[in-house]
Each structure stands twice: as structure tokens, then as C-alpha cells.
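This report concerns only the one structure given below.
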Amino acid sequence: MEKYILTLDQGTTSSRAILFNHEGAIVSLAQKEFKQIYPQPGWVEHDPMEIWSTQASVITEAVLQKGIDRQALAAIGITNQRETTVVWDRSTGVPVYNAIVWQDRRTSAICDGLRKDGKAELIQQKTGLIVDAYFSGTKIQWILDNVEGVRARAEKGELAFGTIDSWLIWNLTGGKLHITDVTNASRTMLYNIHTLSWDETLLELLRIPASLLPEVKSSSEVYGTTSGSLLGIQVPIAGIAGDQQSALFGHMCNRPGMVKNTYGTGCFMLMNIGSKPTLSKNNLITTIAWKIGDEVHYALEGSIFIAGAVVQWLRDELKMIESAPEIEALAAAVPDTGGVYMVPAFAGLGAPHWNQDARGSIFGITRGTNKNHFCRAALESIAYQTMDVLTAMQNDAGLQISQLRVDGGATNNNLLLQFQADILGTEVLRPNITEITAIGAAYLAGLAVGFWENIQAIEKQWQINRSFTPENSDSTARIRGWQRAVAAVKAWTDLDKS
Ligand code: ADP
């Protein structure tokens, strides 16, 4: 019988279940969206029960309703939205509060306090992270301090904390397993990435009882089996990785200096830096890429807030295009932007500039500027921002990259990727596999159960769909133009606020 690996891809807006065969092809896929809850400006929550119910329902849809024999499931791999925080009761399995989503900013003030108290360096040294509301630690603290009775229950050992991987596994195993993997643990701001253990000093600093925490496992091993209540059989759960790390593995960036960039609403770039957790001097994050056997790989990570979103902005707000793909032909109708630069700092500037009060600007407009130039400048802005993060990464890691592997919705745009290659002077490679994030978790699970023998056996599956080679040798002048535009945006920042 042909066997498959089932990936649970639990994302920010939807839960998905995807079945991969031995060649890495998709055999079955089911997806369900769930509710986004916005109780106050800056707050974002999910109902953990809905996360579980949508995930359970897409599992049955992708397997049973598609007529796939349950016995064909060799293992389950899990990849998940990272940092999102759930606290639940160990005896009833009922969450004490909604999941606080990674985007939620309610704990910004706690983070300001930590920085003011001079704790930023200590936290970076131990966790590789920049103090930010994004990570789970202060979200747990908020739940303990703001939901009635929860701190007392936590101190009595009655409660469990988990990121979404832990929450799914708890439910899949009927409450038998309370675990996470190193990649998810490294996003909590509580996990020491050098000693690979929960850090007592940080737990004390954030006043979080150790009894809440899951056991931390590697990213690829048989953790246990599903309880049987969902599929009627016990299936090994054998791989876990946070979504961006899973994408890095899915791209087979398994050697130091290999980089992937995911071009979605924003961009997420990760560089494999090997077995040493080098800390960033440019405000990037150092994170655990994966642990397989005893081998730990680390990564540098930088994110860009507005990437594909600038295309959505041209479509929805400026109404210059009707659909995202239309932008390519419009941009291609002019040879260049005619000196126009767009800096889409709609929500401030992220890595490596870090200016939260910066706002979007457009420079260099003349009487001859038209919508084609705007479209081209918008696409180029995605590539320039990527270049800035990559430059910071190369400086931090002391590694020069030779190629950039890409995925995400905006990589359908050939003009964008060609321009990216031109300004980086580096080859940009788009693979055939479109579900890079999901296949990463499938690989991790498949390796653990011997579905694939070793990494060499799966490396071949990463095949190039199209390679973009640098064509225009001298980009100095246009890069200089971008740098002037960014400097101008910084200069325009409201000084009273920053
Ligand atoms: P996310 O996972 O963040 O929702 P996706 O990977 O689905 O993102 O990509 C969607 C983003 O890609 C949108 O912001 C959209 O504007 C952009 N996009 C989609 N197609 C194109 C295209 N052909 N050219 C440029 N941007 C595109």
C-alpha cells in the first residue's frame, strides 16, 4: 500500500491538513478558516476550541472524506503559527482564556518595562530575541495576571501553557502529551537557546511557574501516537516546527549560509547559520532552526511588515489595479520607475531600521510619473526591503550567500524576482513545490519514521521551477536612491513621538 505523511498546517487565518506521498506530491488537501477576534484596538485572539475543531475537521476531510485508507498514514507532522499562546486546565482540557495571537500588542507596556529595567541584553543573550510583545512570555504573564483565579491555579500546578503545536498535540493524544519542540520553545522568550532548557532567571523575571511549561523535544522524533478517537487508529506524531522554520527546512536550506524568503503579506527571511547561535548586532533575531537527533541548527531571522500588502494597497485603496497579478504587466510597461521610490513604512520600518514611527512615503515624482511607475516602484520596494534585511544578515553571520530560495504568493511575480536577483547580484530560485511550509513538517515527520531514509533522499525533491539570474550588473545608483529615500523617511519621522 502506498503510504503518506499528513501535515497539520495550523496558520493564523486557517487550519489545513495536507497529505504528501513519497515523492513529495500533494495527494489531498483540506482547509478551513476560523474567526479572528479583535476585542480592542491592538488585541488579536483566537478561540482555541475553534482552532482544534477546524483542525480536527480538516484532518477527517483530507483523509476519510477523500477515501484515503487510514492505514496509509505513516506519520503526522505539525507546523503552526508561532508565539500564539494558550493556557488550559490540565484536568478538563478547557482553556482559561482565548489564545493570544502573535500579532497582539497588549503586552507592549510590559516589554517597555523590561527594557527600561535594563533587561533587554540579558534576554537577548539567553533567548536570541529582541524584547517584544510578539513573543509568548509576556502573553502568558498577562493571562496569569488578568484572568481571575488563574495565577493561583497555575501555582498549584493545575494549568498548562502551550503554543499551538502543544495545544494540538494535547488534543490529538487525549491529554496524554504536553510537549513542544525547540523551534516553538525558542519563540517564548523563556527558553535558553544555548543550554536548550527553560531559563529559571527568565521564568522568575516574568513570574511564570515552571509547572505550566511543556516538555521540549527535538523537531523530528516519534513523540507518541494519536489517541484513536479522531481517525479510529493510532498514528505516530513525529515532526514539529514553527511555520517559518518549517519553510526553511522545506526549502532544504540545511547548510550554513542558505537563506529563504517567504513573500506573503509581509516577508519572513531566515538564514541557516549552523550549530552556533551567533547574536545579531543589527536587530535581527537568533532562533532555533530545528533539532534533529543531537544536531541543532540555528537561524537568523528578519521580517518585513509590508511586502505583498503594498500590492493590496494599490488594489484596495488607490484602485490602480483590480487584482494582484495585474501589477506585473503594468510595471513591465515601463523600463524603470523614472526615479520614483516608494517606501511602504505603513506600520513603521522593521529590520534592520527599527523605526516604529516612520510612515510610508513616495519620492521622485515628476509631471511624467504615471501608474506604471507607481506599480513598478511598489514591487521594487519589496525587493529593496529584502535586500536591506539580507545585508544585515550577511554582516551578522559573516557569511556571503550564493542564492536566495523563495516562496509565498508574491513569488508568482517574475518581474519582482528578476529585480530581486538584479539588486542582490545573487541567483533567486523559485521551487516547484508550492506548499513549502507544509512539506517541511512532512519531511521532519517522515525522517523520524523512516518514510524517508535521510536528508539526501529528500533534497532531490526541491526542484527549481525557475531561476532568476542577475542581469543588470550595476545597481549602485538605484540602491543609492533607495537608501536616500529611507533616510528621508527617517528624517520625516515625528520627532515628538520617537
Ligand atoms: P499570506 O500567507 O501572508 O496571506 P500569501 O503567500 O498567500 O500571503 O501571498 C499573498 C500576498 O501576495 C498578497 O499580499 C498579495 O498582494 C501578494 N501577491 C499575490 N500575487 C501577486 C503577484 N502576482 N504579484 C505581486 N504580489 C502578489
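Quick check: from the Cα gyration tensor, does region 228-296 come out rounded (a/c under 1.5), prolate or oblate? It would help to have the intermediate numbers written out before the result.
Numbers: a/c = 2.66, a/b = 1.75, b/c = 1.52.
The shape class here is prolate.
In 5 Å bins starting at zero, report the fraction of Cα pairs in region 4-244 per bin as a rounded %.
Reading the bins upward from 0: 1, 7, 14, 19, 19, 16, 11, 7, 4, 2, 0, 0.
Ignoring ligands, DNA and RNA, what percent of the 1.4 Å accessible area of the chain is carbon and sulfur?
On the way: 9410 of 19420 Å².
Ligands and nucleic acids excluded, carbon and sulfur give 48 percent.
How charged is the neighbourhood of I18? Take every other residue with its Cβ under 9 Å from the Cβ of I18, and add Lys/Arg as +1 and Asp/Glu as -1. Walk me through the numbers before you get to the answer.
On the way: positive: R16; negative: D9, E435.
My count for the surroundings of I18 gives -1.
Just to confirm my numbers, what's the Cα centroid distance between region 243-270 and region 12-55 in Å?
Result: 20 Å between the Cα centres.
Please compute the net charge surrounding S229, taking Lys and Arg as +1 and Asp and Glu as -1 over other residues with Cβ under 15 Å from its Cβ.
+2
Mind checking the angle between helix 476-492 and the chain's longest principal axis? C-alpha axes, 0 to 90 degrees, to the nearest 10.
Helix 476-492 and the main axis of the chain meet at about 70 degrees.
Want the number for M1 to R70: 0.36 nm per residue separation, take away the alpha-carbon distance, what's left? Provide the component values of the computation, followed by the final result.
Values: separation 69, 0.36 × 69 = 24.84 nm, distance 1.11 nm.
Length gained between M1 and R70: 23.7 nm.
Pop the C-beta distance of N395 and N465 into the FRET formula with R0 = 30 Å and round what comes out to the nearest 0.05. All intermediate terms of the calculation are to be shown ahead of the outcome.
Working: r = 30 Å, r/R0 = 1.01.
Efficiency, rounded to the nearest 0.05: 0.50.
Could you sort E155, E322, E83 by accessible area so the largest value comes first, with the probe set to 1.4 Å?
Largest accessible area first, the list is E322, E155, E83.
In the structure shown, do any of K32/K319; K35/K371; K116/K217; K119/K217; K126/K490; K119/K139 have a Cα-Cα gap over 24 Å, and if so which?
Long pairs (Cα-Cα over 24 Å): K32/K319; K35/K371; K116/K217; K119/K217; K126/K490.
Taking a ≥ b ≥ c as the square roots of the Cα gyration tensor eigenvalues, with a/c under 1.5 meaning rounded and otherwise prolate when a/b beats b/c, else oblate, which class fits region 179-338?
prolate
Rounded to the nearest 0.05, what FRET efficiency do A329 and E148 have when you use their Cβ-Cβ distance and R0 = 41 Å?
Result of the calculation: an efficiency of 0.10.
Taking the simple approach of a point 7 Å from Cα along Cα-to-Cβ for both L279 and E295, what is their distance in nm?
Placing both labels 7 Å beyond Cα along the Cβ direction yields 2.8 nm.
Taking the 0 to 90 degree range and rounding to the nearest ten, how far is the long axis of helix 136-146 tilted relative to the main principal axis of the chain, both from C-alpha atoms?
Around 60 degrees separate the two axes.
Helix 414-424 versus the longest principal axis of the chain: what is the Cα-based angle in degrees, 0 to 90, to the nearest 10?
Taking the Cα atoms of the chain, the angle to 414-424 is about 80 degrees.
Given that compact globular proteins tend to follow 2.2 N^0.38 Å, what is the ratio of the alpha-carbon Rg of region 113-156 to that value?
Working it through for region 113-156, the quotient is 1.36.
Quick one: length gained pulling A487 to E204 fully straight, 0.36 nm per residue minus the C-alpha distance?
97.8 nm
Within region 123-140, name every residue whose backbone N is under 16 Å away from a label modeled 7 Å from Cα of Q356 along the Cβ vector.
130-139
First check a/c for region 132-256, with a ≥ b ≥ c the square roots of the eigenvalues of its C-alpha gyration tensor; if it is under 1.5, answer rounded, and if not, answer prolate when a/b is larger than b/c or oblate otherwise.
oblate
Let me know the whole percent of all Cα-Cα pairs from region 382-498 that are separated by more than 20 Å.
Counting pairs separated by more than 20 Å, the tail of P(r) holds 57 percent.
What accessible area per residue comes out for region 4-244, rounded to a whole number of Å², with a 1.4 Å probe?
Solvent-accessible surface per residue comes out at 36 Å².
Which value, to two decimals, describes the C-alpha radius of gyration of region 1-128 once divided by 2.2 N^0.38 Å?
Relative to the 2.2 N^0.38 Å estimate, region 1-128 comes out at 1.35.
Let's test this: bin the Cα-Cα distances of the chain at 10 Å from zero up to the farthest pair and state each bin's percent.
All Cα pairs, binned at 10 Å, distribute as 4, 20, 29, 27, 15, 4, 0 percent.
When the label point is put 7 Å from the Cα of K319 along its Cα-to-beta-carbon vector, which residues of region 364-387 have a backbone N closer than 19 Å?
370-372, 374-375
Under a plain spin-label model, where a point goes 7 Å from the Cα along Cα-to-Cβ, how far apart in nm are R255 and L196?
Taking the two extended label points, one gets 2.3 nm.
For every other residue with a beta carbon closer than 14 angstrom to the beta carbon of D407, add +1 if it is Lys or Arg and -1 if Asp or Glu, then tell me the sum.
With Lys, Arg at +1 and Asp, Glu at -1, the neighbours total +1.
Looking at region 1-54 from every direction and averaging, what is the projected area of its Cα convex hull in nm²?
With every direction weighted equally, the projected area is 4.5 nm².
Can you work out the FRET efficiency for the pair Q125 and Q103, with r the C-beta to C-beta distance and R0 = 30 Å, to the nearest 0.05? Please report the intermediate quantities before stating the final value.
On the way: r = 26 Å, r/R0 = 0.88.
The value I calculate is 0.70.
The values are calculated or read from the model by the stated rules, or taken from the named source; none is laboratory data. Remember, predicted model here, so these are calculated numbers, not experimental data. We place every Cβ from the backbone using ideal geometry, glycine too, and count neighbours over all the protein chains shown. Heads up: the accessible areas ignore ligands, DNA and RNA and are worked out on the full protein's heavy atoms, side chains in. Shrake-Rupley method; radii C 1.70, N 1.55, O 1.52, S 1.80 Å.
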